Amino acid sequence: MSNAPDHFAAVVLPDGVQKLTYERDVKVENAGTLTIEREDHTLGNLVRMQLLRDPRVTDAAAPYLPTDAIATALRDLNAEINLIADKLDAALDAAATTMDDHGQYR
Amino acid sequence: MEVDTTAALEPSPAAADASGATLPPHLERIRSRVEVGLSRPSNTAGTYGANSYTPSGYDNSLSPALFAARLCMAVSVLTDEELVFDMAGLDAPLVNALRRILLAEVPSVAIERVLIRNNTSIVHDEMLAHRLGLVPLRVDIAALEDVPPPADGEDPTTLPYTSANHVVLRLKVRCSDVPGAPPDAPPTVRYKNAHVLSKSLQWTPVGDQAAWLTDGVEPVHDDILLAKLRPGQEIDIEAHAIRGVGRVHAKWSPVATAFYRMLPEVTLRRPLASAEASTLVAACPANVFDLEDVAGRGGGDGFGVSVARPRACTMCRECIRLPELAGAVDLTRRREHFVFSVESSGVRPPVDLFRDALDVLVAKCQVVLDALDEVTGEGGGAGEEAAEVEETGGDEDF
């Protein structure tokens, strides 16, 4: 048991470890490696999708810094998630008006 | 019984890009459908590259404005324990992130430490503690604070809890004979407290908790069997419950399950003769098809088939397996239309859990954005300071 990692180690950033580190590529100007600590596929795959959706990322013609690309992707994601929350409220309202007919809603 | 929300959903305009251009049908099928073939599904991977279809004149990029125009939602089931809704016009990674967050990162309260004063039951101490941890508890989650992570070198198992971040439940049960009970009666009749159930967990307020935890603390279900006793055996324990997330231990997962499926699409490729129609209707175990009387409407001989309940389709492929129906049915799933189900473990209504999942995802993005500001803003005076202030707020959310 003694070599098992602590439960909270999956969530809490260890001392002296940065949440995010960025290493520039030594040869290509608009390339680099971002390392995000204590995150998993939940955010990783999501950010990857959002980055691919950015024409300036897949184009790679104009100089576009990876840090700017990630920041844009994350801001877009925030906006999109808030849109989901709004539409969910609207859908719940719509459901509340029609649901008595089915007799299965609260 | 689920309501068919297809009619409630506006048609998703995802087929058109920002300038209204669409793909030719064969490419649109690749972009927006997963094909369910006889031996395997094909075309399973989504195409997210912004310039993937540029040669065909279609812009595959995504902006929040376009997302807003495409997103459609409709609720089909809403109870205290279950929420089912449709989301159309968005990509799998976003829906999957929400699913994963519901399972692993929306907080709830569960028993974390068990102090055992006496346990003479047949259930071992550690097994009893494990069973207690899995009991869903109804607590006002917003009223409790997170237990702070231990400092470097501090033993997390002995870290003291405070009245602000934990609740205490007592379980004190002793089994005894019931005088005069018939000897051949079941144990629950012959003995008092033969079964120790979750309803025996009694909340004991710590400090002034009784004043602000006004709804109290109780197990969601009264009848979870924790142990069985025989006369003379006793369980006397004190259990400490704290906030946590499913990522640390599954007992904190607030959902029984959360899952989504892509909307099934069942299309008839050719008109069917009467015999074929009957074969198809009989072949489908999910009862997707209905026989239609088409003779009176100039539809040929006798019966035809209609796809009456495509949502019921489980993609079992019986309808495309039969040689006599070869080429009759086209089975696909819509890649950008999800039927999302949240089943709460009962600790909170599923709508609240989903809203929390959205908040958690926003907070995650914000934490990374703030960390990014810190990295890129190095040496840049005011901007850096502002980023640090935000970082503190972000950490609390996280």
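The values are calculated or read from the model by the stated rules, or taken from the named source; none is laboratory data. What you see is a predicted model, and the numbers here were worked out from it, not measured in a lab. Every residue, glycine as well, gets a Cβ built from its backbone with ideal geometry; the counts of neighbours run over all protein chains shown.
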Meets criteria (modelled with pLDDT of 95 or more and assigned to a strand (DSSP E or B)) for residue B:109 = yes
Identify all residues within the range B:139-175 that are surrounded by 15 or more Cβ atoms within 10 Å (Cβ to Cβ), at pLDDT below 95 and outside any loop (DSSP other than H, G, I, E, B); write none if there are none.
-> B:141
Using the structure shown, decide if residue B:181 is over 27 Å from the mean Cα position of the chain (by Cα), in a helix (DSSP H, G or I) and farther than 30 Å from residue A:5 by Cα.
-> no
For the range B:106-121, state whether one or more residues are in contact with a helix residue (DSSP H, G or I) (Cβ under 7 Å, 6 or more places away or on another chain), within 10 Å of another protein chain (Cβ to nearest Cβ), of a type outside the set (D, E, K, R) and touching a residue at least 12 places away in the same chain (Cβ under 8 Å).
-> no
Filtering the range B:122-146 down to residues that are in contact (Cβ under 8 Å) with a residue 60 or more places away in the chain and of a type in the set (D, E, K, R), which residue is nearest to residue B:191 (Cα to Cα)?
-> B:131
Check off (1) free of Cβ contacts under 8 Å to residues at least 24 places away in the same chain; (2) under 30 Å from residue A:96 (Cβ atoms) for residue B:149 and give me the number that stays unchecked.
-> (2)
Those residues of the range A:33-51 which are without any contact (Cβ under 8 Å) to a residue 12 or more places away in the chain and crowded, with 18+ Cβ neighbours inside 10 Å amount to A:42, A:43, A:49
For the range B:204-321, please list each of the strands (runs of 3 or more DSSP E) lying entirely inside it that holds at least 3 residues being over 28 Å from the mean Cα position of the chain (by Cα) and surrounded by 14 or more Cβ atoms within 10 Å (Cβ to Cβ).
-> B:234-244, B:289-293, B:303-307
Would you confirm whether any residue within the range B:172-190 is among the hydrophobic types (A, V, I, L, M, F, W, C) and in contact (Cβ under 8 Å) with a residue 24 or more places away in the chain?
-> yes
Report whether or not residue B:18 is touching a Leu at 6+ places or on another chain (Cβ under 9 Å), assigned to a loop (DSSP other than H, G, I, E, B), assigned by TED's automatic domain parsing to the domain that holds residue B:349 and under 30 Å from residue A:93 (Cβ atoms).
-> yes
Being more than 7 Å from every other protein chain (Cβ to nearest Cβ), free of Cβ contacts under 8 Å to residues at least 24 places away in the same chain and either under 19 Å from residue B:360 (Cα atoms) or of a type outside the set (A, V, I, L, M) (or both) is the filter here, so list the residues in the range A:64-74 that pass it.
-> A:68, A:72
Expected single match for surrounded by 17 or more Cβ atoms within 10 Å (Cβ to Cβ) and of a type in the set (D, E, K, R) among A:54, A:15 is A:54
Only one residue in A:3, A:30 is free of Cβ contacts under 8 Å to residues at least 24 places away in the same chain and either more than 9 Å from every other protein chain (Cβ to nearest Cβ) or surrounded by 17 or more Cβ atoms within 10 Å (Cβ to Cβ) (or both). Which one?
-> A:3
Failed criterion for residue A:26 (all others in (1) in contact with a Leu (Cβ under 7 Å, 6 or more places away or on another chain); (2) farther than 24 Å from residue B:52 by Cβ hold) | (1)
